[in-house]
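The values are calculated or read from the model by the stated rules, or taken from the named source; none is laboratory data. These numbers come from a predicted model, not from an experiment. Neighbour counts run over all protein chains shown; Cβ positions are idealised from the backbone, glycine included.
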Amino acid sequence: MIRVNVSMNNRIYKKGVQYTPLIFWLVLIISSVFMGCQDEFLVKRSVTEKFPEREQKSSAIVSKVIDGDTIEIDRKGKKEIVRLIMVDTPELNQNKNHPQPFAHEAKLSLKKFLEGQLVLLEKDEQERDPYGRMLFYVYKDDRLVQEWLVMQGYARVKAYPPNLKYYDRLKTVEENARRKQIKIWSQPSLRN
């Protein structure tokens, strides 16, 4: 049996060894670890409260921008083609090397914004389109890339049910760009 003596000044001794500094450092270390975990939890909680869908996302590097609404990603060494859900940009090769207005600008703008960048990918209902491309909402620095394209006037909202998670949000941005006649909305041939 271990015998512990408590003196008048509340210091704990065991066979002549003082344990107060040891207990102090032990409590300090345990509380620091706990507080560190708590801080990480609070940061994660605040981010997921602001972006609740964030926990459902995976990450990848954009290795190449193919056109204004299609990218190539590198995820753990595996390359995949991703079609950005719910947006449609002008076509580069609509009529044998005659691109639609703003097709090159949309691609170059997206390339400047995304290529070589780490992005977050969020699924909707369908995982792939009929051409085998993966379907994702793409985020760069917590910004929805589809929303950015529509806001810049490079894309229109195009609904492909059942992938409609951000339809209302994107449609509101599109109406604003259309009203201001930004880029594609300044071209009568692209307004429909």
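Scanning the stretch 89-116 for residues that are crowded, with 16+ Cβ neighbours inside 10 Å and touching a residue at least 12 places away in the same chain (Cβ under 8 Å) yields a total of 14.
Would the stretch 146-160 turn up any residue that is free of Cβ contacts under 8 Å to residues at least 40 places away in the same chain and assigned to a loop (DSSP other than H, G, I, E, B)? For the stretch 146-160, residues free of Cβ contacts under 8 Å to residues at least 40 places away in the same chain and assigned to a loop (DSSP other than H, G, I, E, B): absent.
Only a single criterion out of (1) within 15 Å of I81 (Cα to Cα); (2) modelled with pLDDT of 95 or more is not satisfied by E127, namely (2). Looking only at the stretch 106-118, decide whether some residue is within 15 Å of the chain's Cα centre (by Cα) and aliphatic (A, V, I, L, M). For the stretch 106-118, residues within 15 Å of the chain's Cα centre (by Cα) and aliphatic (A, V, I, L, M): present. Every condition in (1) without any contact (Cβ under 8 Å) to a residue 40 or more places away in the chain; (2) assigned to a strand (DSSP E or B) holds for V138 except the one numbered (1).
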